[in-house]
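All of the numbers you see were taken from the coordinates with simple rules; none came from a lab. Since we're looking at a predicted model, the values are computed, not measured. Neighbour counts run over all protein chains shown; Cβ positions are idealised from the backbone, glycine included.
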Number of protein chains: 2
Amino acid sequence: MSTQPDQTTNYAALVAEFARAGRAAQRVLARMDDAAKAAALCSAAAALRRHSGSIVEANARDVAAGTARGLSPAMLDRLRLDEERLEGIAAAVEAVAALSDPVGEHISHTTAPSGLDLVRVRIPIGLIGIIYESRPNVTADAAALCVRAGNAALLRGGSEAVNSNRAIHAALAEGLAEAGVPAEAVQLMPTQDRAAVGAMLRAAGLVDMIVPRGGKGLVERVQNDARVPVLAHLDGICHTYIHSAADRAMASEIALNAKMRRTGICGAMESLLLDADFATGGDVVGALLDAGCELRGDARAQALDERIRPASANDWDCEYLDAILSVAVVDGLDAALDHIARHSSGHTDAIVTGDEAVAERFLAEVDSAIVMVNASTQFADGGEFGLGAEIGIATGRLHARGPVALEGLTTYKWQVRGTGQTRP
Amino acid sequence: MSTQPDQTTNYAALVAEFARAGRAAQRVLARMDDAAKAAALCSAAAALRRHSGSIVEANARDVAAGTARGLSPAMLDRLRLDEERLEGIAAAVEAVAALSDPVGEHISHTTAPSGLDLVRVRIPIGLIGIIYESRPNVTADAAALCVRAGNAALLRGGSEAVNSNRAIHAALAEGLAEAGVPAEAVQLMPTQDRAAVGAMLRAAGLVDMIVPRGGKGLVERVQNDARVPVLAHLDGICHTYIHSAADRAMASEIALNAKMRRTGICGAMESLLLDADFATGGDVVGALLDAGCELRGDARAQALDERIRPASANDWDCEYLDAILSVAVVDGLDAALDHIARHSSGHTDAIVTGDEAVAERFLAEVDSAIVMVNASTQFADGGEFGLGAEIGIATGRLHARGPVALEGLTTYKWQVRGTGQTRP
């Protein structure tokens, strides 16, 4: 697309133009079979490798600009690409190519009393908007998942990675085109103006779904402003409830892993609930404190270890994404369920217990996208769930929940085969 | 709920209060098994019959008020209840009770490489808002479908039917409560102020989904203003394409049925596409004209019969809901597909053909919720699809498409059973 943004750009018209081109390309993609889509992604991966020099060079300009602008070391690390990281991105595109294609699956197949043959067949959603921040790998990862399921992608990356994203996008588009996929199946918005994001969010009927990938500020803005359906999670306020019948060693290991393996991911535990009948030992909190985690507890939790600081009311609704954990002592399963119902963000909540009946009640009654028994909440991940990859984790109640992979990027239609039926 | 609306009512707070009560009731409902939910609906049906006298009396007041206000005969007919119609409403609630409960179904069951046991289990969506117009039967129909799948319902009916809706709602709530379902599982908004509808539409996080039931004006307002996901269709601009290889008698019968069986339903054909190689006979248009249908055609269609009036550009995007039909002559399948892609509302589109390859291309490439071969578009209906009943027909691309019944009123969560797994 040749449109250049300037101060007078009408972003609604720009998005409409890109959407029309994307939707036309998607119709071509929708007619391609499994093997052709897989081959196109392999071609895109090859193009990424072929252009690795220019991509790394473009990325170096982004890193230099980011350094000059004073980006944090963590942000610069997320931004930085080298040949090795780029090889990882290309390999990830190939891994998506190797996933099985959900399109064409018969979700149901019935015969109506009228004799009509009814098939619900899985089809692509259409044009998917991806709005993301500084990680340039999202350009390739998200595009690959969209295309694998027959969707066109309209990408809008962060300004920090503008040169990296353009270089990655150009390689992807070239590789796809070489394999017969119109280059417009994957488009990158040509402007960093935030108003263009607003236009994407309001493009109902043109963009079929928006997936935001980034921090809470981005997701919040997208959820608040979108007129297009959004697949996302805002917070990962994940709980682990240690029931009185928990194995003590298992409880400590799971709690330690759920909090401390990686503290910055959305599936990290942010709140620990200790059953009053379990808590007396204090070994679970001891293990966390010894590992360097700051604990903020209610009065009963504080009594377990003098190193536990007092929690404020805010702590029960806080996603720390750091080595900090809120801890409450609860009186039994019902109290734990009540606490989780009040404070969970609906992402992932877990129980550790040896009592199967208690486990089953927890699984049934906790109303989160992912509910776990005797496992670390850090498993909340599409790869760990055997989905191959994920476009994100969703906590909404419609369409797809939990890790969203290829199936979540599809919808269905009803195919009805008759023999001349008219309705009486 | 005892809240009385007045000029100073804060509708956001009112909706929040109702939503909290509804969500609490839904948690009770979610713990009830299949048989208990079915029994509760039978109890609600019994209560409708028990209170039939007071419901019909309340309805008579609505009809009298509507007559005084000059409602059209068609609207008054939609509004009117007698003992026979009320028996039909009660029987419909029992029919929903007899449907099989989708809640608890395992959508998938896998074992992850880590050994985690992963089940995607079907669960209720939560609290569903139903916004509808003059038909008081929707109060019972929609409530029954919501409750059958474990959801609470927040109903907002039209002002014409206010007394009827209150009487039906009171009976339903009484019957449900007698069977152990909290009465708040089905609530009726206590105000006819349109601002209260706005508050429901904006209640993201409190109301999980909105289903509008009514005319285009209502659906358009709901789709434009909602911050809550909406399941709906705006238009039913349904096409029937008569391919050159169509059986002539079948083509006439299907076209006649698709247009004239009932002209006011969303699945009625609104646009007929005649293949140039089929059209020469003009028997299909003759049958429609003879049946009293007004035809508005392009120049080539007009050449088929002098009774065909000229179509304006608007006619190709018009849902007449009347004995009027637009007719175009097209050159082959690709031209038909192009016309449908431009003008279909994504509801239901059909082809009549004896050529199986052409039929399969039509089924694959028409991107509507329902695509039919050799059948009348008037079959677009949950009952006809064997779903038992429908809450509506959806043309959006996410969650549920086409006729939406119990399964569309559910979502899922991931239940993960471990044996102490921590993530490496």
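Remark: the range A:238-384 carries a charge dipole of roughly 380 debye about the Cα centre, counting +1 on each Lys and Arg Cβ and -1 on each Asp and Glu Cβ. Estimated translational diffusion coefficient (Stokes-Einstein, Kirkwood radius over Cα pairs, 25 °C, 0.890 mPa s) of the range A:79-228: 147 µm² per second.
Beta bridges assigned by DSSP with both partners in chain B are antiparallel in approximately 30 percent of cases. Neighbouring Cβ atoms from other chains, within 10 Å of the Cβ of residues in A:24-32, number 1 on average. Cα-based values for the range B:238-384, radius of gyration first and Dmax second, are 13.3, 39 Å. Can you give the calculated 222 nm mean residue ellipticity of the protein assembly as shown, where each DSSP H run of n ≥ 4 adds -39,500 (n - 2.57) and the sum is split over every residue, rounded to the nearest 500 deg cm²/dmol? One gets -12500 deg cm²/dmol as the mean residue ellipticity at 222 nm.
For chain A, the longest principal axis of the alpha carbon atoms and the long axis of helix A:34-50 meet at an angle near 90°. Here's the picture: charge each Lys and Arg Cβ at +1 and each Asp and Glu Cβ at -1 in the range A:238-384, and of A:A245, A:A364, A:L272 the one pushed furthest to the positive end of that dipole is A:L272. Put in order of Cβ neighbour count within 10 Å, fewest first, the listed residues B:Y132, B:Y412 become B:Y412, B:Y132.
Cβ crowding within 10 Å, taken as a proxy for footprinting-reagent exposure, orders A:I324, A:I391 from fewest neighbours to most as A:I324, A:I391.
Alpha-carbon geometry of the protein assembly as shown: the Rg and the Dmax are 28.6, 95 Å, given in that order. With label points set 7 Å from Cα along Cα→Cβ, the inter-copy distances at B:A335 are 7.7 nm, sorted shortest first. The order of A:E407, B:E133, going from fewest to most other C-beta atoms within 10 Å of their C-beta, is A:E407, B:E133.
Relative to the dominant Cα principal axis of chain A, helix A:248-260 is inclined by about 40°. Taking only the Cα atoms of chain A, the radius of gyration and Dmax are 24.0, 79 Å. At the listed q of 0.21, 0.22 Å⁻¹, the Debye profile of the range B:30-151, built from one uniform point per Cα, gives log10 I(q)/I(0) equal to -1.14, -1.20.
Treating each Cα of the range A:68-115 as an identical point scatterer and summing with the Debye formula, the log10 of I(q)/I(0) at q = 0.16, 0.26, 0.33 Å⁻¹ comes to -0.71, -0.98, -1.11. Please give the helix B:356-365 orientation as an angle from the longest Cα principal axis of chain B, in degrees from 0 to 90, rounded to the nearest 10. So the inclination is approximately 50 degrees.
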